[in-house]
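S.K.: Encoded as structure tokens, here's the structure I'll be asking about.
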Amino acid sequence: MPCGDNRNKAKKGRGISMKKAIIKGTGRYVPPRVVTNHELTQWMDTSDEWIRQRTGIEQRYWVPEGDEIGPSDLGLEASRIALKRAGWTPSDIDLIIFATMTPDVYLPGSGCYLQYKLGLDTTPALDIRQQCTGFIYGLTIANAFIRSGFANRILFVGSEVQSTALDISTRGRDISVIFGDGAGAVCLEGVETDEQVGIIESTLNAQGEFASALIMELPSSRLNPRISEEMILEGRHYAFMDGRSVFKHAVKRLGEVAKETMEKAGLSAEEIDLFIPHQANLRINQAFARSINLPEEKVFNNIQRYGNTTAASIPIALDEAIEMNLIGNGSTVLFLALGAGLTWGAVIYKFAD
Ligand code: COA
């Protein structure tokens, strides 16, 4: 099935300017297999205590072994929920944006797989590769598409299957204990309104200078051959992370970008009802809260149950926060993240009254 010719679709919303991008529905999905910290000790030298103390994580979800489940499958489940809550059918979608760092295959993008699984014919689908900052970049892209009139109804999905690419031996323990699988989906619609609602401010950053701080190198087009047995034996097909460096960057950059984005929006921290950071490490989020003097209850955390689900972590957290009535009509939320690239950013979103 081809990915589609988007020229016709592109005309759909053209000519309508300066709409606000409003969240119409959210959904989340995790695979049924729960993997506790204790379970990890059968494969690697680690402990429940070490993982909880350093990261806050108690468990994560992994796809069942041998079932060929990719991020487009998890994304499909999350999308079905979000679409239902939005009152949309798949044919209402003008554009799919799919954020993942673990695509179903090297190419094509997972958005195309999701598009087909939703039963769509030629609806355009765009993959983005912004890792843990995927939700922040994706929301900003969706907002730009909606405001330009290019698309009016966007299905935005963040989804990851990371467990199938983890080195679960002791060699990979600093990374493998952190990551989990899952998906979150958001239906965004352009709405003509004078009110200060929807995506009201965003800040994006990247600093390629630190690309090697968090990297999965193989298969690599700059190598010839792209992958070899020797490289695999060296473990270069697994992610490498300089954890301490990423930690330090995160604490510094998250505080900076939150402040910058609030300043641009003319809002103080008191006017933000809930901060929803990417879930990389509970200690990072606690240090971020301290760095800008936020009370801990203003910062949403659910990493304890999910681990780090990369591009899925913020949409999963958003869906849970809505379900828990922590946010709703009239609330102002600040989303923020830092991840591989390095990339980092923040978005302020206000729910309509
Ligand atoms: N279980 C037990 N011991 C472990 C371990 C594990 N899973 N992983 C590493 N260790 C060991 C190390 O080997 C090291 O041992 P040593 O002192 O004998 O050499 C010791 O624990 C400390 O390792 P270190 O890497 O310095 O720990 P840390 O306090 O920096 O915590 C992270 C490691 C990964 C939890 C932390 O650096 C982190 O969270 N960084 C940010 C990660 C992140 O946000 N990534 C995603 C970005 S989106």
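The values are calculated or read from the model by the stated rules, or taken from the named source; none is laboratory data. In this text the structure is predicted, and so the values were computed from the model without any measurement. Quick reminder, even Gly has a Cβ in these numbers, built from the backbone with ideal geometry, and neighbours come from all protein chains shown.
S.K.: Sort out for me the strands (runs of 3 or more DSSP E) sitting completely within segment 102-214 that have 3 or more residues that are in contact (Cβ under 8 Å) with a residue 24 or more places away in the chain, among the aliphatic types (A, V, I, L, M) and under 28 Å from VAL30 (Cα atoms). If you could, list the steps in order and put the result at the bottom.
M.R.: On the way: elements: 125-128, 153-160, 182-191, 198-206.
Hits in segment 102-214: 125-128, 153-160, 182-191.
S.K.: Filter segment 260-315 down to the residues that are of a type in the set (S, T, N, Q) and not in a helix (DSSP H, G or I) and list them by number.
M.R.: Of everything in segment 260-315, those that are of a type in the set (S, T, N, Q) and not in a helix (DSSP H, G or I) turn out to be SER268, GLN279, ASN281, ASN293, ASN301, ASN302, ASN308, THR309.
S.K.: Follow-up. Would you mind finding the one in VAL251, VAL257, VAL246 that is in the same structural domain as ASN293 (by TED's automatic domain parsing), farther than 20 Å from PHE275 by Cα and surrounded by 18 or more Cβ atoms within 10 Å (Cβ to Cβ)? Break it down stepwise before answering.
M.R.: Values: VAL251 fails: farther than 20 Å from PHE275 by Cα; VAL257 fails: farther than 20 Å from PHE275 by Cα.
Testing whether each residue is in the same structural domain as ASN293 (by TED's automatic domain parsing), farther than 20 Å from PHE275 by Cα and surrounded by 18 or more Cβ atoms within 10 Å (Cβ to Cβ) leaves just VAL246.
S.K.: Just to be sure, is PRO315 within 14 Å of the chain's Cα centre (by Cα), away from the ligand (no atom under 12 Å from the Cβ), modelled with pLDDT of 95 or more and surrounded by 23 or more Cβ atoms within 10 Å (Cβ to Cβ)? Let's see the steps before the verdict.
M.R.: Values: within 14 Å of the chain's Cα centre (by Cα): yes; away from the ligand (no atom under 12 Å from the Cβ): yes; modelled with pLDDT of 95 or more: yes; surrounded by 23 or more Cβ atoms within 10 Å (Cβ to Cβ): yes.
Yes.
Residue-wise test of (1) surrounded by fewer than 21 Cβ atoms within 10 Å (Cβ to Cβ); (2) modelled with pLDDT under 95; (3) more than 11 Å from the ligand (Cβ to nearest atom).
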{"residue": "THR26", "(1), (2), (3)": "no, no, yes"}
{"residue": "TYR29", "(1), (2), (3)": "no, no, yes"}
{"residue": "ARG33", "(1), (2), (3)": "yes, no, yes"}
{"residue": "MET44", "(1), (2), (3)": "yes, no, no"}
{"residue": "ILE69", "(1), (2), (3)": "yes, no, yes"}
{"residue": "ASP73", "(1), (2), (3)": "no, no, yes"}
{"residue": "SER79", "(1), (2), (3)": "no, no, yes"}
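S.K.: Do any residues in segment 304-326 that are over 17 Å from THR100 (Cα atoms) have Cβ atoms under 6 Å from those of residues that are among the aromatic types (Phe, Trp, Tyr) and assigned to a loop (DSSP other than H, G, I, E, B), where the two are at least six apart or on different chains, and which pairs are they?
M.R.: ALA321/PHE300
S.K.: Might you let me know whether segment 143-158 holds any residue that is crowded, with 20+ Cβ neighbours inside 10 Å and within 16 Å of the ligand (Cβ to nearest atom)?
M.R.: yes
S.K.: Now for a different question. Return yes or no: is ASP167 among the acidic types (Asp, Glu), more than 27 Å from ALA321 (Cα to Cα), surrounded by fewer than 24 Cβ atoms within 10 Å (Cβ to Cβ) and not assigned by TED's automatic domain parsing to the domain that holds SER331? Give the derivation first.
M.R.: Numbers: among the acidic types (Asp, Glu): yes; more than 27 Å from ALA321 (Cα to Cα): yes; surrounded by fewer than 24 Cβ atoms within 10 Å (Cβ to Cβ): yes; not assigned by TED's automatic domain parsing to the domain that holds SER331: yes.
When the stated conditions are applied, ASP167 passes them.
S.K.: Could you list, in sequence order, all residues of segment 266-281 that are crowded, with 20+ Cβ neighbours inside 10 Å and more than 19 Å from GLN131 (Cβ to Cβ)? First the steps, then the outcome.
M.R.: Going through segment 266-281, the residues crowded, with 20+ Cβ neighbours inside 10 Å turn out to be 272, 275-281.
Once the filter is applied, which keeps residues that are crowded, with 20+ Cβ neighbours inside 10 Å and more than 19 Å from GLN131 (Cβ to Cβ), segment 266-281 yields ILE272, PHE275.
S.K.: Turning to a different aspect of this structure: Identify, from the list ALA250, ALA239, ALA206, the residue that is modelled with pLDDT under 95, within 24 Å of ILE316 (Cα to Cα) and within 16 Å of the ligand (Cβ to nearest atom).
M.R.: Working: ALA250 fails: modelled with pLDDT under 95; ALA206 fails: modelled with pLDDT under 95.
Of ALA250, ALA239, ALA206, the one residue that is modelled with pLDDT under 95, within 24 Å of ILE316 (Cα to Cα) and within 16 Å of the ligand (Cβ to nearest atom) is ALA239.
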